[in-house]
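Visitor: Below are the structure tokens for one structure; questions will follow.
The values are calculated or read from the model by the stated rules, or taken from the named source; none is laboratory data. This structure is a prediction, so every number in the text was calculated from the model and none was measured. FYI the Cβ positions are ideal-geometry reconstructions off the backbone, even for glycines, and counts take in every protein chain you see. With ligands, DNA and RNA removed, areas are computed over all heavy atoms of the protein, side chains included. Shrake-Rupley method; radii C 1.70, N 1.55, O 1.52, S 1.80 Å.
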Amino acid sequence: MSPPTSRGAGGGPAVERVTPLLAIADRLSGELGALRFRPPVAFVYNPLEYARAAYAAYVERFSTSPKEAVFVGMNPGPFGMAQTGVPFGEVASVRDWLGIRAPIGKPALEHPKRPVAGFDCHRAEVSGQRLWGWARRRFGTPDAFFARFFVANYCPLLFLEDSGRNLPLDKLASEEQRAIAVHCDEALRETVRQLAPRCVLGVGRFAERRAAVALAGMGVDVGIIPHPSPASPAANRGWEAQAEAAIAACGVELKAARV
């Protein structure tokens, strides 16, 4: 998918503004695109390619200043970032609260049971509903939240089995995980250099472990918040309170910022 361009003075094409985080994503997308995976991986979706315009809008608006903390998820779900290009990108949250709506293309190979409908997708990602719903209730506006925080994914790829079932990154073969980590660890380090947070919070145990390895020696505290997935029994029992306790344990106060 070609990078989007805007129109410049006189109607000619303008040079696209590539923000630092978009440059990191573009390079990571190319590096991961060169990898190959064996069964049970049957389909690989890369939203940094076909949903690049939405991701570009997300980082251009929300990653322009240093952050106190960065939340890092593992990899996209089929009804979140795979549809909207935004980490934990449940459609209604991205469209109605973050104010992002952009053209979404298609993965090179699409599973018939897991089509990419973009902002026309009618399935909701509960993890994204919980995470962005908490941010909305706690901070009110996206600008107030992103003045202090940012949300990223460790790996941008969605993996599907031949049946269409989601295959989480931590279930891939160990050598495939290591090949991915070479590139995703470096991308995370570069993201942290750009955003200069005092704390990185893995959303779930896998993301926390990868962040601890990737960021060792960088002087950044690494913590964990429980994953908001409904597949986690703990997350179904007061996820917001658990997440706020974990954020506080990382030394980050949750008093809403004034914007």
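Visitor: Between the range 18-81 and the range 222-250, how far is it from one alpha carbon centroid to the other, in angstrom?
Guide: Rounded to whole Å, the Cα centres lie 23 Å apart.
Visitor: Can you give me the distance in nm between label points at Arg138 and Ala124, each placed 7 Å from the Cα along the Cα-to-Cβ direction?
Guide: With each label point 7 Å from Cα toward Cβ, the separation is 2.0 nm.
Visitor: Under a straight-distance cross-link criterion of Cα-Cα below 13 Å, which aspartates and glutamates are reachable from Lys255, leaving out those fewer than 8 residues away in the same chain?
Guide: Answer for Lys255, where 13 Å is the Cα cut-off: Glu68, Glu244, listed by chain and number.
Visitor: HN-Hα J couplings of the range 42-51 from phi, Karplus 6.51/-1.76/1.60, θ = phi - 60°, integer Hz, Gly and Pro as x?
Guide: Here the 3J(HN,Hα) series is 10, 9, 10, 9, 10, x, 5, 8, 7, 10 Hz.
Visitor: Search the structure for amide H atoms under 5 Å from the amide H of Ala152, placed 1.01 Å from N in the peptide plane, and list their residues when 5 or more places away or on another chain.
Guide: Phe71, Val72, Gly73
Visitor: Something else about it: Ordering Met81, Met218, Met74 from largest to smallest accessible area (1.4 angstrom probe), what's the sequence? Numbers along the way, then the final one.
Guide: On the way: Met81 5, Met218 65, Met74 35 Å².
Descending order: Met218, Met74, Met81.
Visitor: If I compute solvent accessible area with a 1.4 Å probe over the protein chains, what percent of it on the chain is carbon and sulfur? Before the final figure, lay out the partial values.
Guide: On the way: 6140 of 11630 Å².
Carbon and sulfur: 53 percent of the exposed surface of the chain.
Visitor: Suppose the chain between Ala234 and Glu175 were pulled fully straight at 0.36 nm per residue; how much longer would it get relative to their current alpha carbon spacing?
Guide: Numbers: separation 59, 0.36 × 59 = 21.24 nm, distance 3.03 nm.
Taking Ala234 through Glu175 to full extension adds about 18.2 nm, to one decimal.
Visitor: For an R0 of 25 angstrom, estimate the FRET efficiency from the Cβ-Cβ distance between Glu31 and Met218 and round to the nearest 0.05.
Guide: Details: r = 21 Å, r/R0 = 0.83.
Rounded to the nearest 0.05, the efficiency is 0.75.
Visitor: Here is a further query. Before I look further, what does the chain give for accessible area per residue, probe 1.4 Å, in whole square angstrom?
Guide: Values: 11630 Å² over 259 residues.
The answer is 45 Å² per residue.
Visitor: Then there's this: For the chain, what percent of Cα pairs sit more than 25 Å apart?
Guide: Working: 13620 of 33411 pairs.
Summing the P(r) tail past 25 Å for the chain gives 41 percent.
Visitor: On the full set of protein chains, 1.4 Å probe, figure out the accessible area of Asp143 and give it in Å² to the nearest 10.
Guide: 70 Å²
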